[in-house]
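Quick notes on the structure that follows.
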Amino acid sequence: MSTTYPIKHVVIIVKENHSFDNYFGTFPGVTGVSNLAHAPNPPLADHPHTHEAWLARSKHPVKQQYHASDIPKYFGLARQFVLCDNFFTEVAGPSTPNHLMLIAADSPIINNPHHADKSQPQPPYDLPSLPQQLESAGLEWRSY
């Protein structure tokens, strides 16, 4: 589809359970923390994914970071394209609500849902999605 806008593509790379400083705090010129402990690569464990764990993030591995030599392809992409160093999560919590924010710009929950937890809405969620809105506008999208 031809367009008069200068932006032809938007690519979003989601690296779950990582902070900006964890990946790009040492990237030249960014607003970030560059003096954290060196993160083991690969990580030693998968850390808790709860809202409570996110709130206690200052005590956990988010206080570690990778160096360019650990993740050279990501640093290469950051050098070639736009790196958003002042972009923050909408939900102070785990995966599911943040995935919903990414795809629908809305989340009816703040924690990962569990089938036994009747206090939170359960999937499927009745939310309009960004891909639906793109299609309605005659624009294309892809997920890889």
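Looking across the stretch 16-59, the residues that are of a type in the set (Gly, Ala, Ser) and assigned to a loop (DSSP other than H, G, I, E, B) come down to Ser19, Gly25, Gly29, Gly32, Ser34, Ala39, Ala45, Ala56. Residue count for the stretch 72-83 under the criterion of being touching a residue at least 60 places away in the same chain (Cβ under 8 Å) and either in a loop (DSSP other than H, G, I, E, B) or in contact with a His (Cβ under 6 Å, 6 or more places away or on another chain) (or both): the result is 1. Looking across the stretch 118-140, the residues that are in contact (Cβ under 8 Å) with a residue 60 or more places away in the chain and open to solvent by less than 80 Å² (accessible area, probe 1.4 Å) come down to Gly138, Leu139.
Within the stretch 38-66, being at pLDDT 90 or above and open to solvent by 40 Å² or more (accessible area, probe 1.4 Å) holds for one residue alone: His38.
Before we move on, is Ser69 part of a loop (DSSP other than H, G, I, E, B), over 26 Å from Asn41 (Cα atoms), out of contact with any Phe, Trp or Tyr (no Cβ under 6 Å at 6 or more places or on another chain) and modelled with pLDDT of 80 or more?
Values: part of a loop (DSSP other than H, G, I, E, B): yes; over 26 Å from Asn41 (Cα atoms): no; out of contact with any Phe, Trp or Tyr (no Cβ under 6 Å at 6 or more places or on another chain): yes; modelled with pLDDT of 80 or more: yes.
Spelling it out, it is not the case that Ser69 is part of a loop (DSSP other than H, G, I, E, B), over 26 Å from Asn41 (Cα atoms), out of contact with any Phe, Trp or Tyr (no Cβ under 6 Å at 6 or more places or on another chain) and modelled with pLDDT of 80 or more.
The values are calculated or read from the model by the stated rules, or taken from the named source; none is laboratory data. Keep in mind it's a predicted model, so treat the numbers as computed, not measured. Counting neighbours? That spans all protein chains shown, and the Cβs are built from the backbone with ideal geometry, glycine included. Surface areas here come from the heavy atoms of the whole protein model, side chains and all, with no ligands, DNA or RNA. Shrake-Rupley method; radii C 1.70, N 1.55, O 1.52, S 1.80 Å.
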